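Just below is one structure, and these are the notes that go with it.
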Amino acid sequence: MGNIIIGVNGEREAKFRVGDVVEDTQNVFQSLAHPAYIVKGITTLIDGDTFVGFSYEVAPIDSPDESTTVNENALRFWYHDNNWEEYFNGHFNEFGQWAYFAPDNITADDFFKEMAEIYPKYNEEHNIKKNRFKVCVFEGNEGPVPHVHVYYEHKGPKEDVAYICLGKAEYAPQHIKKTKVLNTHERKALEEFLTTKVQNSYGKDSNGNFYQKTCWQLCVEHWIDENSGSEKYFEEDKNTGFYIMPDYTKLSLNK
C-alpha cells in the first residue's frame, strides 16, 4: 500500500475515543494476564490522499503510563470512563483518577499515604465491566468504628462512596450522612469481593496450618494494625480464632 502518513485529523469518525476501556482481542500485551486497556490517544492513518483508518495508543488499565499502538480491529469496546478521559486529556490534578473522590483540603501525598487499596486488580481479574468499585482502608483519623470506603466508578463524583463497617453489616456511623446506600446487586458484589481469597496472602490458623486470606480479612488486619484496641469491634469464632465476617447481603442503615 506504500508508506502510511500519520495525520492529525481525519474526516471519518473513530470507533473509539479517549477514555474508552477496551478489550485487546489480538493479545497485543501478551505478557499480561488480563485484556483490559484504556484508550489514551487516537491517530488518523492516511496513505497519500486516501484515508486508511485509525490507530490507537492504549495502556493496560492498571498501568496507565505504559503505551503501545494498535489498530482499530484489534479492540472491542467495553465501556467509557469519564475519569480516564479527563486524566488523559490533562484535566486531572495530582490525584489522577482519584480526583473526584479526594476530600477537600488535603494534599495528594497525604491522601495516598493514608489510603490502602485492597486487591487493586480485582475488577480486571474478575472481568467486572459494570458497577466497578475500589475498596480502601484509611489510616488517618477515621473514628473508632472499623470500616472501609467503597468507591464506585462512572457515576457522580464524591457522593458515590459507600462507607461499610467491618464488624457489622451496617454503614459506618462516622459517614452515615454522606454514604451511598447499596442496592441488592451492589451488596452481593461487595460480599463476593470480601470473601475472595487473595493470591500470595497467607496466614496461620490456631493449629499452625496455613490458610489463604480473604479480602475481608486483609481489611480487618490492616485496620487493626493501624488502630490498636479495635479488636473489640469484631466477633471471634472460639473454635478457629478467626474473626467472623458479617453477612453483607443484609447490609442496613443503623441511624
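Using R₀ = 51 Å, calculate the FRET efficiency as 1/(1 + (r/R₀)^6) where r is the Cβ-Cβ separation of ASN71 and ASN239; round to 0.05. Write down the numbers at each step before the final one.
Details: r = 58 Å, r/R0 = 1.14.
Between ASN71 and ASN239 the formula returns 0.30.
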FRET efficiency (TYR202, GLU23; Cβ distance; R0 41 Å; to 0.05) is 0.80
Lys and Arg at +1, Asp and Glu at -1: add these up for the other residues within a Cβ distance under 10 Å of VAL145 and post the number.
-1
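Compute the signed sum of charges (Lys and Arg +1, Asp and Glu -1) over the other residues within less than 14 Å, Cβ to Cβ, of THR195.
Working: positive: ARG187, LYS188, LYS197, LYS213; negative: GLU191, GLU192, ASP247.
Net charge in that neighbourhood comes out at +1.
Could you give the length gained on full extension between LYS130 and THR195, defined as 0.36 nm per residue of separation minus the Cα-Cα distance, in nm? Could the numbers behind the result be given before it?
Working: separation 65, 0.36 × 65 = 23.40 nm, distance 1.95 nm.
Full extension from LYS130 to THR195 adds 21.4 nm.
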Translational diffusion coefficient of region 170-245 at 10 °C, 1.306 mPa s, Stokes-Einstein with Kirkwood Rh over Cα pairs, in µm²/s as a whole number.
111
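Please compute the contact order of region 173-255 in relative form: average sequence separation of alpha-carbon pairs under 8 Å and at least six residues apart, divided by the residue count, as a percent. It would help to have the intermediate numbers written out before the result.
Values: 63 pairs, mean separation 26.1, N = 83.
Once divided by the residue count of region 173-255, the mean separation gives 31 percent.
TRP84: net charge of surrounding residues, Cβ under 11 Å, Lys/Arg +1, Asp/Glu -1, itself excluded? Mind dumping the intermediate values first?
Numbers: positive: ARG17, LYS40; negative: ASP20, ASP81, GLU85, GLU86, GLU153.
Overall, the nearby charge balance is -3.
All of the numbers you see were taken from the coordinates with simple rules; none came from a lab. Everything quoted here is computed from the prediction, not taken from an experiment. Reconstructed Cβ throughout: ideal geometry from the backbone, glycine too, with neighbour counts over all protein chains shown.
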